[in-house]
Amino acid sequence: MTEVRLGNVLLQRGLIKESQLESAISRHRETGQLLGESLVELGYVTQDDIGRALAEQMGIPFYELGDDFRMEKSEVKLVPEAVARRCCLVAVKKDASLSMTLVMKDPLDVEAIDTVRSLTRLEIHKAVSSEARIRAAIDRFYTPEAHIERDLQDIAEVEPDPASVVLDEAQVNAEQLRVLANDAPVVRFVNLLLMQAVRDRASDIHFEPGEKDVRVRLRIDGVLREITPPPKALYQAIVTRIKILSTMDIAERRLPLDGRFKFTVHDRIIDIRVSSLPQVHGEKLVLRVLDRKSLLVDMKDSGFNDVLLKRFQRILQVPHGIILVTGPTGSGKTTTLYGALNYLKSPQWNIQTVEDPVEYLMPGINQMQIKPQIGLDFASALRSILRQDPDIIMIGEIRDLETARIAMRSALTGHLVLSTLHTNDAPSALWRLRDIGIESYLVAATVKLIVSQRLVRLVCPHCKEVKAPSEEALAFATSFCPDAGSWTYFYGKGCPKCSKTGYRGRSGIFEFLEVTDPIREMILQETGGVVFRNKVIEMGMETLVRSGLGKVKEGATTIEEIMGVCAGD
């Protein structure tokens, strides 16, 4: 009778036809599965249609459990995960009258209701939702990371123990700071914050002390975002906790310091690089979050299309010469170089790096960090490296004439050299070398490839939808690509997966300047910068803007993102 009534509700709603109901009833009788499941499998209705029909039939609420749905820790604790998954249900409310609301796939499952009632000793009020929505809620909220924000808020709202409040930092000695740093709320706050940073794919954590409060921000996809801060009274203890982990001098608060540590989350090794800087109201900390797993990926994941990737890999096979990656700070230059080293890594090659600092530790690569305070700079390190019989050398950055000269000599004497420069585009790198003091003939003889790059945010795949761009954005696109008016454009409307930004993840866009014989001739003739750039574009070099618009055409990003990242290029 229940099945028939469900069918009648669906018929009255106009969701199915009589013939479809008869077909589903026949299947239901043959297989023994629920009528609703038969209707869904036959493609006549959706799980949500069945859920709403059940709600109407039984006079109980239907819960959407959409992107805005949240479960508190107290609700999660009511029903064990094993029971929630087996019975496909979640508890969404417990009120003061010793009752709770249970959202179920099948509100007629008496056994499931009795199981939860025996576990909780509470009166059960039934509600219904689709199986997919309930299981998605279980996946989201039955994890340690699901309630990080609530836990951080709990710590922030608790009044600190008066014994742990640092009133005068100048009077607190190192031993007192060590005791405060091991206090439970401090340790818990730091652990939760690190977990949140990894969960949200943050590249940096910023601690910024004010006169009466503290600001904590995560850099996610290149954009800083504020999160729940700790009480100012606990700030010095939190700083000390991070310093202890990083083996930094906890008593020194007047000078900038550096350190690093590592921890493991879900079998992922995370490296944290810490920098402290004295400010008026305390020490400012920046923690760089380096996920080894996110580094060792195929180079195509960096954003290279198939054509550029094959060209890059072909040039990486040259026995000697210089390959330069250029762009501003935070544009992914070092990550691209690490990807190249990972591609080149082989037992037959001796690969040596000299970096400031070593960001990722890579097995099979010899890595060296410069220490200017003891006289070990790029130039002196390179002189020593050349006595180590290297085949491939990676220099973190070419900053001065001496480093540039040693790099050039290394390239001339049979070594492949990879390095970075801070220039806005690929052609400018050639004139930057000349400005440093390198002769044009050396540049022409050694440089094989220059890659200029930026990182652009990608449209969130979870809330992606077709939407027309603004007139200004479309005018920008059509000024470079006349056919842009016929493209399909995608935007993210905002969801929990992307923190309501509409973007999730980043990818590279590139200028790819391979130094061919005609280009070498222009270098030797010292052709001017603007003229040189126009000529190499005529020869086929794709600019950053055009590379970015290519990703817009693919539906990967937006015109507005390209306009913002490539402003002034």
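Some observations on this one:
- Filtered residues of segment 482-495 (kept if part of a strand (DSSP E or B) and either without any contact (Cβ under 8 Å) to a residue 60 or more places away in the chain or open to solvent by 70 Å² or more (accessible area, probe 1.4 Å) (or both)): Gly492
- Hey, Glu526 at positive phi and either acidic (Asp, Glu) or open to solvent by 20 Å² or more (accessible area, probe 1.4 Å) (or both) or not: yes
- Test for Ser276: is it of a type outside the set (Asp, Glu), surrounded by 16 or more Cβ atoms within 10 Å (Cβ to Cβ) and at pLDDT below 90: no
- Considering segment 190-223, and only residues there that are of a type in the set (Lys, Arg) and under 14 Å from the mean Cα position of the chain (by Cα), the residue that is modelled with the lowest pLDDT turns out to be Arg199.
- Some residue of segment 138-147 being open to solvent by less than 50 Å² (accessible area, probe 1.4 Å), modelled with pLDDT of 85 or more and under 30 Å from Gly36 (Cα atoms): yes
- Residues (of a type in the set (Asp, Glu) and modelled with pLDDT of 90 or more) located in segment 103-122: Glu111, Asp114
- Restricting attention to segment 344-367 and to residues that are farther than 20 Å from Ser410 by Cβ and open to solvent by 20 Å² or more (accessible area, probe 1.4 Å), the residue that is modelled with the highest pLDDT turns out to be Pro347.
- Of everything listed in (1) touching a Pro at 6+ places or on another chain (Cβ under 9 Å); (2) open to solvent by 10 Å² or more (accessible area, probe 1.4 Å), the single unmet condition for Ser499 is (1).
- Some residue of segment 248-271 being surrounded by 18 or more Cβ atoms within 10 Å (Cβ to Cβ) and closer than 30 Å to Asn424 by Cβ: yes
- Residue in segment 410-418 that is β-branched (Val, Ile, Thr) and either at positive phi or under 33 Å from the mean Cα position of the chain (by Cα) (or both) present: yes
- Beta carbons closer than 7 Å, at least 6 apart along the sequence or on distinct chains, pair a first residue in segment 5-23 that is outside any helix (DSSP H, G or I) with a second that is among the small types (Gly, Ala, Ser) for Arg13/Ala53.
- Top-ranked residue in segment 26-48 [being touching a Gly at 6+ places or on another chain (Cβ under 9 Å) and within 18 Å of Arg135 (Cβ to Cβ); ranked as modelled with the lowest pLDDT]: Gly36
- If you check Arg311, Arg288 for being open to solvent by 40 Å² or more (accessible area, probe 1.4 Å), within 15 Å of the chain's Cα centre (by Cα) and modelled with pLDDT of 90 or more, only one passes: Arg288.
- Within segment 153-189, considering residues that are at pLDDT 55 or above and outside any helix (DSSP H, G or I), the one least open to solvent (accessible area, probe 1.4 Å): Asp183
- Restricting attention to segment 24-36, the residues that are surrounded by 12 or more Cβ atoms within 10 Å (Cβ to Cβ) and in a helix (DSSP H, G or I) total 7.
- Restricting the first member to segment 324-346 and to residues that are within 16 Å of Arg457 (Cα to Cα), and the second to residues that are surrounded by 21 or more Cβ atoms within 10 Å (Cβ to Cβ) and charged (D, E, K, R), the beta-carbon pairs closer than 7 Å and six or more apart or on different chains are Ser331/Arg454.
- Conditions (1) under 26 Å from Ile220 (Cβ atoms); (2) modelled with pLDDT of 90 or more: number failed by Ser479: (1)
- Ser479 vs. criteria open to solvent by 30 Å² or more (accessible area, probe 1.4 Å), outside any loop (DSSP other than H, G, I, E, B) and small (Gly, Ala, Ser): yes
- Any hit, segment 15-27, residues being within 47 Å of the chain's Cα centre (by Cα) and under 19 Å from Asp109 (Cα atoms): no
The values are calculated or read from the model by the stated rules, or taken from the named source; none is laboratory data. None of these values were measured; they are calculated from a predicted model. Heads up, the Cβs are rebuilt from the backbone with ideal geometry, glycines too, and the neighbour counts pull from every protein chain shown. All accessible areas refer to the heavy atoms of the entire protein, side chains included, with ligands and DNA or RNA removed. Shrake-Rupley method; radii C 1.70, N 1.55, O 1.52, S 1.80 Å.
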